[in-house]
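Structure, as structure tokens:
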4 protein chains.
Amino acid sequence: MSLNSFGRVLRVTTWGESHGPAIGAVVDGCPPGLSLSEEDIQPWLDTRRPGSSRFTTQRRESDQVQILSGTFQGRTTGTPISLFIANEDQRSKDYSDVAKAYRPGHADYTYDAKYGLRDWRGGGRSSARETAARVAAGAVARLVIPEVTITAYLVELGGDPIDRNAFDAAAIDANPFHCPDRAAAERWEGLVDGARKAGSSLGAVVECVAEGVPSGWGAPIYSKLDAELATAMMSINAAKGVEIGDGFAAARLRGEQNADAMRAGPTFLSNHAGGILGGISSGQPVVVRTAFKPTSSILTPVPTIDRNGNETEIVTKGRHDPCVGIRGAPVVEAMMALVLADQKLLHRAQCG
Amino acid sequence: MSLNSFGRVLRVTTWGESHGPAIGAVVDGCPPGLSLSEEDIQPWLDTRRPGSSRFTTQRRESDQVQILSGTFQGRTTGTPISLFIANEDQRSKDYSDVAKAYRPGHADYTYDAKYGLRDWRGGGRSSARETAARVAAGAVARLVIPEVTITAYLVELGGDPIDRNAFDAAAIDANPFHCPDRAAAERWEGLVDGARKAGSSLGAVVECVAEGVPSGWGAPIYSKLDAELATAMMSINAAKGVEIGDGFAAARLRGEQNADAMRAGPTFLSNHAGGILGGISSGQPVVVRTAFKPTSSILTPVPTIDRNGNETEIVTKGRHDPCVGIRGAPVVEAMMALVLADQKLLHRAQCG
Amino acid sequence: MSLNSFGRVLRVTTWGESHGPAIGAVVDGCPPGLSLSEEDIQPWLDTRRPGSSRFTTQRRESDQVQILSGTFQGRTTGTPISLFIANEDQRSKDYSDVAKAYRPGHADYTYDAKYGLRDWRGGGRSSARETAARVAAGAVARLVIPEVTITAYLVELGGDPIDRNAFDAAAIDANPFHCPDRAAAERWEGLVDGARKAGSSLGAVVECVAEGVPSGWGAPIYSKLDAELATAMMSINAAKGVEIGDGFAAARLRGEQNADAMRAGPTFLSNHAGGILGGISSGQPVVVRTAFKPTSSILTPVPTIDRNGNETEIVTKGRHDPCVGIRGAPVVEAMMALVLADQKLLHRAQCG
Amino acid sequence: MSLNSFGRVLRVTTWGESHGPAIGAVVDGCPPGLSLSEEDIQPWLDTRRPGSSRFTTQRRESDQVQILSGTFQGRTTGTPISLFIANEDQRSKDYSDVAKAYRPGHADYTYDAKYGLRDWRGGGRSSARETAARVAAGAVARLVIPEVTITAYLVELGGDPIDRNAFDAAAIDANPFHCPDRAAAERWEGLVDGARKAGSSLGAVVECVAEGVPSGWGAPIYSKLDAELATAMMSINAAKGVEIGDGFAAARLRGEQNADAMRAGPTFLSNHAGGILGGISSGQPVVVRTAFKPTSSILTPVPTIDRNGNETEIVTKGRHDPCVGIRGAPVVEAMMALVLADQKLLHRAQCG
């Protein structure tokens, strides 16, 4: 029910605003006895940390995580794990314009409409900063599913897709775009530089593959594995679309093309289904794609209104990601880990 | 937590298998004092009823709903509303082949993998028959949000999209495809007839628009309105993708293109966001598209394995929808109604 | 979140009013592969069925349960189990007085205050009839915990307690009061007859013991096993108090008296704790006592007000239990089974 | 579902161990626009702070609360409120014996049985220290229900009850026992001193009254107001019994005695029901009593076993409350506030 919690058996609650003293997550329901220390979490936070390249916001955050509870002598105790990350580099004055007027495409207007007030400093709760807490929680979830390997990467940036034939897993960590196509990564440098210089921003599509998921995780109806993944990914800032396996392309296939034929093993001769049949994992790799819109905070002037409803124009200064999708990849991985860990435990509950 | 329940404050639990005695839904948390009788629900069930045209399964079900609880003297009492729909036209013998082998693309294999057994008669719980219970529950949800008008229609069938310039709302109910483009509807007749005769099946994309949603419904993080809609739509049988507003296309726009400029009112000069900003409704129409894969139950032989893992081939007889997306439209409307009604009550809880 | 659902992993939703067409329960999250038929449920319903002796309401209900979903070839499939019980013997006219005025001590007034209307026929949703659905669901829960034996019995009726030294388990089913003390059972016959003839009613205290619960079920804080039992028992009609182990008497012991000393095994030299330490089962018998107030529906006139707020007097005709606690015993057993089955699965989820 | 969360719409998650770096709570779903600062919370924490008199543990904690999120310019924003309390005075070495053997009556054994390990420092998560987080969260809940006044006090200590005729509300804050009977408070000084010197401990019964609760809060079945209060109170450390209104005494009344007669207004001529009828508030004061067992950590040697199952004896050194019930009063008030605030919002959701 909780608005800021995610998961059913392994349940995460995040808290914190962009310019408050800190942000954090509480991970509840974690199995006991797992070896856990800050060292298990920090590397994942580092992959999403801002300022790691000129293609992301220049805000400087060390994003050092502290474990405040839930472990004893280096192992999880089964009690809630409180993860704490301090906010360090805040420049609230950058947001004086945002305080007065609404950024089109941003949550400024709807927060005021819903709550009657908002923390305009850096977007407050609507800041992508919240995703650091997800990544920290996701690192804990990964320990619950050691049998699973999760990899997220960009397959499209600014409308420029990768060449699937040039897919090179080794390239993903070799460029600042989590891009598996080295040639595309080079093109994207120019795209992002151009957008930033033009005071604009770009969108992206992130694909995430989970390998090693056994068959049987998920459920037939409202907690279908694909439905859980859909809400997980769509809950990420700037996400506007989610698809499983062939997704929207599957709607253009014929039944016999889309049906992944089975052979002894079982093995499947294709994976149009993205590893999920009837809401339950099939044992094939689970494949999800998430579309991220371009950042709404841009230097290009956009017509808008102020808090009093008067027409004006806004130019968003401050330090923003020219393509929030780039830093979306580690967040997508974290949400995948959270969903799968939760579903593993839920499956164990019902089916032993 | 419940695997077969949906919603937070207005909560629906569905039950029943394709070939059991009946299916149904329990709607909990409904506001009291609403005028409700079977007549408020039946019309919506009729729109999804099988056998209404030659383009859907020929299974004959009257789908007469009975209200077994939760009303008194024609009004809701605030107690659970139990909705009951009998199964009438069952031909379990049609499924003898399905009992032995797995339909590729279907849930047969994963149900066995998860539960160790399955009700193979008509797909049991994985049958689209379950969606009748959703439509009945959705009809109750509509009464909670009289200010909202919900319309779903197909924008693509078998890879053939409508012409947006030929969009005619009046056409939607004038053809068996819920198609707003009269010319496309004619083309689709041929497509579906062809697929059925070829023993194949087709996919489709359903768009759903909710008008009259005020600004302020939804929440910033895990119960974002778009995330709730994503899980709602993805939980429907055969759904493989969901997008809000421009969705995947938004990932190809630049920031200034995607930002819906605001003018006094407030009015918006565009609706790329699909009526949702930061997880909260903006007051613009809420727009969601859902991709449906082609039906897995086809007459075309597909390589598969039997329960013992031996390789074989399967041909699915029985009565199936050549394009399950056609009957998906009323289900998408029901899920939209359930999400919006739940979010309306949830907003009222927190913000009064 | 659901107002009419109970449980976390094994989740029950009940529906139905006293004088509607039927009542029922949906049991979700049940493990697959359990042998289940109506025969597994009916005996438990028979133990609470009205009219079984002159000491309970004379309403005649056969309470025949039907399983409408969730089983296949006699075994649970893991999908929701829909349990259906028809209402047969309704005499709504008996309630014309109740329609006009409020029974002091009953929910009549508060239902109107909350919902603005109520189903006054037999108390509608507030009728003890709802407990039949709990008993049916509890019978399913028992199958999930075959290692546990649950026994509930009255230890006090109308203020007359049993003699613990005369405790005879064999006596419990040998009298209409579920009383383990044969002498007390005889005295109680006179008490209940006297109360009924006087147009009055009596309260009772039900004790429930669960043997065979292994150590480790439950949780440290908000889902403590004792907290789950407390809400389960207090949710039963007419329940006003719940205690675990020595309960209120423990507040009068000194630390060294209350501490159940441990010896190798482990064995405990006493069970003041009622089998629960820190919210988690210790392996000792789980002991819960529930206090039931006297029935509010009595023939003795009581000052009250009518729907318009005018002062009047009410005499409740109709067929009522002179001591609702008598029929509370099977309901208490059902709630114990539901809590323990749910906690067993929840423990398995987190701790494997 | 979350094991360490409480509430449905206003939802609190607590975290932290007795001897970790800190403890805290996240309050989610709080209405926006409420004036909130540390000054609104600190006074309530001070009432439960240890070391405030010689009758409680001598552990020294300043229990200064920090608000880390959820407010802006002194008002709640509707986003999660993170409350942080540092642990200051830890002497883990005091617990070397507890690390080796189990304290009878304590959670030591069951934590090991469930999780396979435990944080033995000060009882870890099972320490009453967790209740500081509840009190902080309860202070926020109080702001949601300004119409309600909550008062908790001890009505019995060490088996010595107060004299109801000597009830003096002004006395409650005038003695270290939250005792409304000045004479009893004097007697209790001797009782607690005696128990402490004898290396023993005492139990207590806390009564809590909420005035100003309007009629209509709560629900008929599983989220009955009395059931919610029962789980709330039973979830507090050392609680073993909960009763509403007359509670167990009601089981000894006759129907006409127990029925609270109504007169125009409505007014009630008595309040045996404790302000709750059919799970819904009646508008009368809500009355709940909670029984606390004597502290398990005592200097008197008790037979027990060590982690290897060998028989031994344990004497618990360290600093403990001779009567944990004394400090239970502020915690009971906090849980009452959390339940009522949650039910107020839940009622608003369904009934507007």
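The values are calculated or read from the model by the stated rules, or taken from the named source; none is laboratory data. This structure is a prediction, so every number in the text was calculated from the model and none was measured. Using ideal geometry, Cβ is built from the backbone for each residue, glycine included, and neighbour counts are taken over all protein chains shown. The protein model used for the area step is the full one, side chains on, heavy atoms only, and it has no ligands, DNA or RNA in it. Shrake-Rupley method; radii C 1.70, N 1.55, O 1.52, S 1.80 Å.
Restricting region C:200-237 to residues that are polar (S, T, N, Q) and within 19 Å of D:I276 (Cα to Cα) leaves a set whose member that is farthest from the other protein chains (Cβ to nearest Cβ) is C:N237. Please specify each residue of region C:139-197 satisfying the condition of being under 30 Å from C:R348 (Cβ atoms), out of contact with any Gly (no Cβ under 6 Å at 6 or more places or on another chain) and not in a strand (DSSP E or B). Passing the criteria: C:A139, C:V140, C:A141, C:R142, C:L143, C:V144, C:I145, C:P146. The single residue among C:V206, C:V192, C:V155 that is in contact with a helix residue (DSSP H, G or I) (Cβ under 6 Å, 6 or more places away or on another chain) and aliphatic (A, V, I, L, M) turns out to be C:V206.
Restricting attention to region C:63-107, the residues that are more than 14 Å from chain D (Cβ to nearest Cβ), part of a loop (DSSP other than H, G, I, E, B) and not aliphatic (A, V, I, L, M) add up to 15.
Scoring C:T110 on the criteria (1) facing chain D (nearest Cβ under 9 Å); (2) at pLDDT 95 or above; (3) open to solvent by 10 Å² or more (accessible area, probe 1.4 Å) leaves a single failure, condition (3). Scanning region B:21-48 for residues that are part of a loop (DSSP other than H, G, I, E, B) and without any contact (Cβ under 8 Å) to a residue 60 or more places away in the chain returns B:P32, B:G33, B:S37. Pairs linking a residue in region C:6-17 that is in contact (Cβ under 8 Å) with a residue 24 or more places away in the chain to a residue that is among the aromatic types (F, W, Y) and assigned to a strand (DSSP E or B), with Cβ atoms under 7 Å and 6 or more positions apart or on different chains, are C:V12/C:F6. Among the residues of region B:51-77, the ones that are among the basic types (K, R) and either crowded, with 16+ Cβ neighbours inside 10 Å or at pLDDT 95 or above (or both) come to 2 in all. Being in contact with a His (Cβ under 8 Å, 6 or more places away or on another chain), under 30 Å from D:R8 (Cβ atoms) and open to solvent by 10 Å² or more (accessible area, probe 1.4 Å) is a property that D:D246 has.
The number of residues in region D:265-283 being among the polar types (S, T, N, Q) and surrounded by 22 or more Cβ atoms within 10 Å (Cβ to Cβ) comes to 2.
Let's see how each residue does on (1) under 22 Å from the mean Cα position of the chain (by Cα); (2) at pLDDT 95 or above; (3) open to solvent by 10 Å² or more (accessible area, probe 1.4 Å); (4) under 30 Å from B:T13 (Cβ atoms):
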residue: A:G159; (1), (2), (3), (4): yes, yes, yes, no
residue: A:A169; (1), (2), (3), (4): yes, yes, yes, no
residue: A:G203; (1), (2), (3), (4): yes, yes, no, no
residue: A:E211; (1), (2), (3), (4): yes, yes, yes, no
residue: A:S215; (1), (2), (3), (4): no, yes, yes, yes
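Residues in region C:38-50 that are hydroxyl-bearing (S, T, Y) and either loosely packed, with under 14 Cβ neighbours inside 10 Å or under 25 Å from B:V26 (Cα atoms) (or both): none.
Scanning region C:317-352 for residues that are within 17 Å of C:T295 (Cβ to Cβ) and out of contact with any Gly (no Cβ under 9 Å at 6 or more places or on another chain) turns up C:K317, C:H320, C:D321, C:I326, C:R327, C:G328, C:A329, C:V332. Restricting B:G309, B:G318, B:G325, B:G241 to residues that are in a loop (DSSP other than H, G, I, E, B), without any contact (Cβ under 8 Å) to a residue 60 or more places away in the chain and within 30 Å of A:F268 (Cα to Cα) narrows the list to B:G309. The number of residues in region A:16-27 that are at the interface with chain D (Cβ under 7 Å from one of its Cβ atoms) and more than 16 Å from A:E88 (Cα to Cα) comes to 1. B:G255 satisfies every condition listed in (1) out of contact with any strand residue (DSSP E or B) (no Cβ under 7 Å at 6 or more places or on another chain); (2) open to solvent by less than 10 Å² (accessible area, probe 1.4 Å); (3) under 30 Å from B:R134 (Cα atoms) except (3). For A:G325, the test of being within 8 Å of another protein chain (Cβ to nearest Cβ), open to solvent by less than 10 Å² (accessible area, probe 1.4 Å) and in contact with a His (Cβ under 6 Å, 6 or more places away or on another chain) is failed. Scanning region B:78-100 for residues that are in contact with an Asp or Glu (Cβ under 6 Å, 6 or more places away or on another chain) and open to solvent by 10 Å² or more (accessible area, probe 1.4 Å) yields a total of 3. Residue under question is D:I276, and the condition is that it be aliphatic (A, V, I, L, M) and more than 7 Å from every other protein chain (Cβ to nearest Cβ); does it hold? It is true that D:I276 is aliphatic (A, V, I, L, M) and more than 7 Å from every other protein chain (Cβ to nearest Cβ). In region D:1-15, of all residues being within 7 Å of chain A (Cβ to nearest Cβ) and in contact with a helix residue (DSSP H, G or I) (Cβ under 7 Å, 6 or more places away or on another chain), the one that is surrounded by the most Cβ atoms within 10 Å (Cβ to Cβ) corresponds to D:V9. Does A:A250 satisfy the criteria of being at the interface with another protein chain (Cβ under 10 Å from one of its Cβ atoms) and on the phi > 0 side of the Ramachandran plot? Spelling it out, it is not the case that A:A250 is at the interface with another protein chain (Cβ under 10 Å from one of its Cβ atoms) and on the phi > 0 side of the Ramachandran plot. Of all residues in region A:78-100, those being within 30 Å of A:S201 (Cα to Cα) and at pLDDT 95 or above number 2. Taking the numbered list (1) touching a residue at least 24 places away in the same chain (Cβ under 8 Å); (2) within 30 Å of A:G218 (Cβ to Cβ) in turn, C:W120 passes all entries but (2).
What about C:T312, is it among the polar types (S, T, N, Q), out of contact with any His (no Cβ under 8 Å at 6 or more places or on another chain) and more than 7 Å from chain D (Cβ to nearest Cβ)? In short, yes.
All told, B:L191 falls short of being buried (at least 24 other Cβ atoms within 10 Å of the Cβ) and either modelled with pLDDT of 95 or more or farther than 30 Å from A:V155 by Cα (or both). Residues in region C:113-130 that are closer than 16 Å to C:S5 by Cα and either open to solvent by 10 Å² or more (accessible area, probe 1.4 Å) or in a loop (DSSP other than H, G, I, E, B) (or both): 1 in all.
On the given criteria, is C:G245 at positive phi and within 7 Å of another protein chain (Cβ to nearest Cβ)? It is true that C:G245 is at positive phi and within 7 Å of another protein chain (Cβ to nearest Cβ). Restricting attention to region D:280-302, the residues that are part of a loop (DSSP other than H, G, I, E, B) and more than 7 Å from every other protein chain (Cβ to nearest Cβ) total 6.
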